[in-house]
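To start, the structure under review is shown below, and the notes come after it.
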Amino acid sequence: MDSLIIIIAAVIGGILLVVALVVFIIFKKNGGTLRNSNHTGGSSLLASSLRNEKQKSEVVISAIADGVILLDKNLNIQLFNPAAQQISGWQKEDALTLVYSSVIQLVNDKDVPYTSDQDPFRKAAETLQPVRDNKATMVTKSNKRVSISIIVSPLLSDKQQLDGLIAVFRDVSEERDEEHRRAEFISTASHEMRTPVAAIEGYLALALNEKVCQIDAKAREYLNKAHSSTQHLGKLFQDLLTSTKAEDGRLSSSPQVVEMGLYLEHLVEDLRIAAQKKGLDVAYQIGASGMSTEDKGNAVAGQKMIRPLYYTFVDPERVREVITNLFDNGVKYSEKGTLTIGITGDDKVVQLRVSDQGMGIPAEDIPHLFQKFYRVDNSATRTIGGTGLGLFICRKIVELYNGKIWVESQIGQGTTFFINVPRLSNDRAQQLLAKEAKQNELSATIGVV
Ligand code: ADP
């Protein structure tokens, strides 16, 4: 028994010795200190934590429901997340390293491919600013159309140079269908309601006509109020109809060559009456010097004044709508002073302006002014009727002709709306005019036959 105990003790002792030996060898291998073993673990910890971070961002990018595409500075695809694959129909393996334009094809709502001026990738790469586009349609690999909203942001180096682009986009087909249905409803409803409103307005006008009806003063006062409210309602329906059409690109437009200087001169004469009723003066200024046409009378007798020709390619009826709206606003929101319509330009643009010396617009409202239904909230706008659709429609019309509209205003001093539209050179205008004349001749001949 004793010898058994001695044997077991010897075996345990041997095992302990071996363990101690192994620990010693490892201890020595690690540089003699146990702390050192932790240091080596530190760098491997860093590597593994970086690996973890990378994995984490990969997990996040893969889990995002939006398509994410990363491009390098040559605009080749470096990252293509699963949502991007699902929306575009492209497999990651096929898309990676290709230039973005062979994978991401964008078209507008009329199915016309984007030009490089419209392409958000190009624009972001050129301007080094984020570019958003909520109206784009993507052509998928199998040639299907998907409505998307996309934002492309540049990635910049320390020297503020382009290092790459990151695009995030989502499928907005459902939202756009819904929007389209809503617009359709508003358009049908306002169209249907315009007819009875026009009838009511007509009958009220008849009732107010002294040659048709004899009514007492009190009744006249009430009918006058009813008449102006009906007119307001009619204008609201008309504006609703125009704005929904403008939104989904159904605004009709027949552009032609228009010499804007002469066109505005005639338009001012039509508009003058509304301003004069309110005791406001009206001026028309033409040319860079802002020379008023009223100065014409001062021209030396016999000396011919050379007036610049401001040719544009626009629908004159649409321009009338815009200028009339801006002018009517000038009348509505001014109590005194002069309303000025002006025109000037350079080689490339014709610039129109409508200014007043009225109440002005607060600076904080200016960025929102061209949005649908936006009205400045003050005591004046609460009493002065309006729909908040006029400036939205103006912007949409100006954009039809690749133009731009903006406003400058000073509270208590007045407001100026500016419009820039592309200018046609005199030669180009003459060519187009000759073509228009030929077409008119042809249609007249066909009409006769
Ligand atoms: P509204 O039918 O209300 O006039 P608009 O879209 O034409 O709608 O104009 C939007 C708002 O912009 C107006 O409600 C008004 O507050 C402001 N506004 C427009 N034009 C002028 C102006 N000439 N002077 C001052 N405020 C203006």
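The values are calculated or read from the model by the stated rules, or taken from the named source; none is laboratory data. The structure presented is a predicted model; accordingly, all values stated were derived computationally and were not measured. A quick note on method: Cβ atoms are made from the backbone with ideal geometry, for glycine too, and the neighbour counts reach across all protein chains shown. The protein model used for the area step is the full one, side chains on, heavy atoms only, and it has no ligands, DNA or RNA in it. Shrake-Rupley method; radii C 1.70, N 1.55, O 1.52, S 1.80 Å.
Tabulated values for the structure
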| item | result |
| --- | --- |
| Flag for D109 being in contact (Cβ under 8 Å) with a residue 60 or more places away in the chain and farther than 19 Å from L70 by Cβ | yes |
| Residue list for the range 360-381, restricted to those being within 9 Å of the ligand (Cβ to nearest atom), out of contact with any Ser or Thr (no Cβ under 7 Å at 6 or more places or on another chain) and among the aliphatic types (A, V, I, L, M) | L369, V376, A380 |
| Hey, T344 surrounded by fewer than 18 Cβ atoms within 10 Å (Cβ to Cβ) and among the polar types (S, T, N, Q) or not | no |
| Scan of the range 407-444 for residues that are charged (D, E, K, R) and within 16 Å of the ligand (Cβ to nearest atom), ordered by number | E408 |
| Verdict on F313 being surrounded by fewer than 18 Cβ atoms within 10 Å (Cβ to Cβ), under 22 Å from L267 (Cα atoms) and out of contact with any Gly (no Cβ under 7 Å at 6 or more places or on another chain) | yes |
| Long-range neighbours under 6 Å by Cβ, at least six apart or interchain, first residue closer than 15 Å to F327 by Cα and in contact (Cβ under 8 Å) with a residue 12 or more places away in the chain within the range 398-416, second of a type in the set (K, R) and within 11 Å of the ligand (Cβ to nearest atom) | I405/R395 |
| Close pairs from the range 211-237: first over 30 Å from E321 (Cβ atoms), partner among the small types (G, A, S), Cβ under 7 Å, at least 6 apart | C213/A207; I215/A207 |
| Per-region count, the range 145-162, residues open to solvent by 80 Å² or more (accessible area, probe 1.4 Å) and at pLDDT 95 or above | 1 |
| Test: residue in the range 266-279 that is of a type outside the set (V, I, T) and in a loop (DSSP other than H, G, I, E, B) | yes |
| R423 being of a type in the set (K, R) and modelled with pLDDT under 95 | no |
| The range 407-442, residues that are among the hydrophobic types (A, V, I, L, M, F, W, C) and either open to solvent by 60 Å² or more (accessible area, probe 1.4 Å) or assigned to a helix (DSSP H, G or I) (or both) | I411, A429, L432, L433, A434, A437, L442 |
| Residue under evaluation E247, criteria (1) open to solvent by 60 Å² or more (accessible area, probe 1.4 Å); (2) within 25 Å of T137 (Cα to Cα); (3) away from the ligand (no atom under 16 Å from the Cβ), criterion not met | (3) |
| In the range 387-406, the residues that are open to solvent by 10 Å² or more (accessible area, probe 1.4 Å), part of a loop (DSSP other than H, G, I, E, B) and within 11 Å of the ligand (Cβ to nearest atom) | T387, G388 |
| Test: residue in the range 300-321 that is near the ligand (Cβ under 9 Å from one of its atoms) and either out of contact with any Leu (no Cβ under 7 Å at 6 or more places or on another chain) or at pLDDT 95 or above (or both) | no |
| Residues (within 11 Å of the ligand (Cβ to nearest atom) and assigned to a loop (DSSP other than H, G, I, E, B)) located in the range 336-359 | Q357, G358, M359 |
| Hits in the range 212-263 (condition: within 30 Å of G287 (Cα to Cα) and not aromatic (F, W, Y)) | S253, S254, P255, Q256, V257, V258, E259, M260, G261, L262 |
